[in-house]
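Take a look at the structure below.
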Amino acid sequence: MRNAAFGVKRGRHAAVPFLVGGTDTLWREVSVAQQERAIRTRNAILAAAAEVFDEYHYEAASITDILNRAGVTKGALYFHFPSKEALAQGVMAAQARALELRLEPAGLQTLIDINLRIAHEMRTNTLLRAGVRLSAAVQRSVGISELAPFRLWTELFSSQLTAAKEKGELLQHVDPQQLARLIVSSYTGVQQVCALFDTLAELPEQITALWRVILPGIAVPGVLPHLRLDSTHAELMERQRLLPGTFEVETDG
């Protein structure tokens, strides 16, 4: 690494340092630092926006509340998100990235665990909960559309169902991709109804009921007695501990 030397240029008011060598390395270091700072700022804004949207809902939430919660300037906020609608879209896009999920061993039980884990997390994970509330209300009233989370979950569920089919857990007629879309749609519907009625605390029980209806039509009879639908949050967290084969997305994207 070349050393960057500094000289001093004296103007009318003050001595101003200027570079006289090694600029390439120095500017690369400055650029990396700026990028890291920008990511931290964006994450802070998203976290604050999620809290405010979750507490006050979209219509009553204000940019001022989000600024105060994030501790950033108005210029910094608008650099990343030019409008309240863009902020809502950012939170909705980040909701699928608010969890770290173990994907192995792939199959029907892991898919059920993922579903129930999300339902339990909705009680404490503000980013996830705010994203669901926004998906339920904002896309309809404001016309904001964010399809990335739905595509992401469909792909994830499809991979688990494909593995289940290969292991002989699913009935012969079941199409993993078609079933994945159906489960994501059904899950989303239950989430949105709970969000609209402020009953997200009941989501784990509602999702368990959904799976009790779905399973007899998709799983081979010999598998059904071995599937666990009554796991506590602690048990799910234990089975979902991060190991190789993990779905992990940070909230800086």
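A few remarks follow.
- Set side by side, the residues Glu36, Glu104 differ, and just one is surrounded by fewer than 14 Cβ atoms within 10 Å (Cβ to Cβ), outside any helix (DSSP H, G or I) and at pLDDT below 90, which is Glu104.
- So Val220, is it in the same structural domain as Thr162 (by TED's automatic domain parsing), farther than 30 Å from Tyr56 by Cα and at pLDDT 90 or above: yes
- Looking only at the stretch 153-184, and only at residues there that are more than 22 Å from Pro221 (Cβ to Cβ) and among the charged types (D, E, K, R), the one that is surrounded by the most Cβ atoms within 10 Å (Cβ to Cβ): Arg181
- Per-region count, the stretch 187-205, residues buried (at least 17 other Cβ atoms within 10 Å of the Cβ), within 20 Å of Gln109 (Cβ to Cβ) and not hydrophobic (A, V, I, L, M, F, W, C): 2
- Qualifying residue in the stretch 75-85 (condition: surrounded by fewer than 18 Cβ atoms within 10 Å (Cβ to Cβ) and within 13 Å of the chain's Cα centre (by Cα)): no
- Residue match in the stretch 169-177 (condition: within 25 Å of Met122 (Cβ to Cβ), touching a helix residue (DSSP H, G or I) at 6+ places or on another chain (Cβ under 8 Å) and either in the same structural domain as Arg102 (by TED's automatic domain parsing) or not in a helix (DSSP H, G or I) (or both)): no
- Residue list for the stretch 66-85, restricted to those being free of Cβ contacts under 8 Å to residues at least 24 places away in the same chain and either under 25 Å from Glu121 (Cα atoms) or touching a strand residue (DSSP E or B) at 6+ places or on another chain (Cβ under 6 Å) (or both): Ile66, Arg69
- On inspection, Leu210 does not qualify as more than 30 Å from Glu55 (Cα to Cα), out of contact with any Pro (no Cβ under 8 Å at 6 or more places or on another chain) and assigned to a helix (DSSP H, G or I).
- Inter-residue pairs, beta-carbon under 8 Å, first touching a residue at least 12 places away in the same chain (Cβ under 8 Å) and in the stretch 108-120, second of a type in the set (Ser, Thr, Tyr) and not in a helix (DSSP H, G or I), 6+ apart: Asp113/Ser231; Leu116/Ser231
The values are calculated or read from the model by the stated rules, or taken from the named source; none is laboratory data. Everything numeric in this text was worked out from a predicted model, so none of it was measured. Every residue, glycine among them, receives a Cβ derived from its backbone with ideal geometry; neighbour counts consider all protein chains shown.
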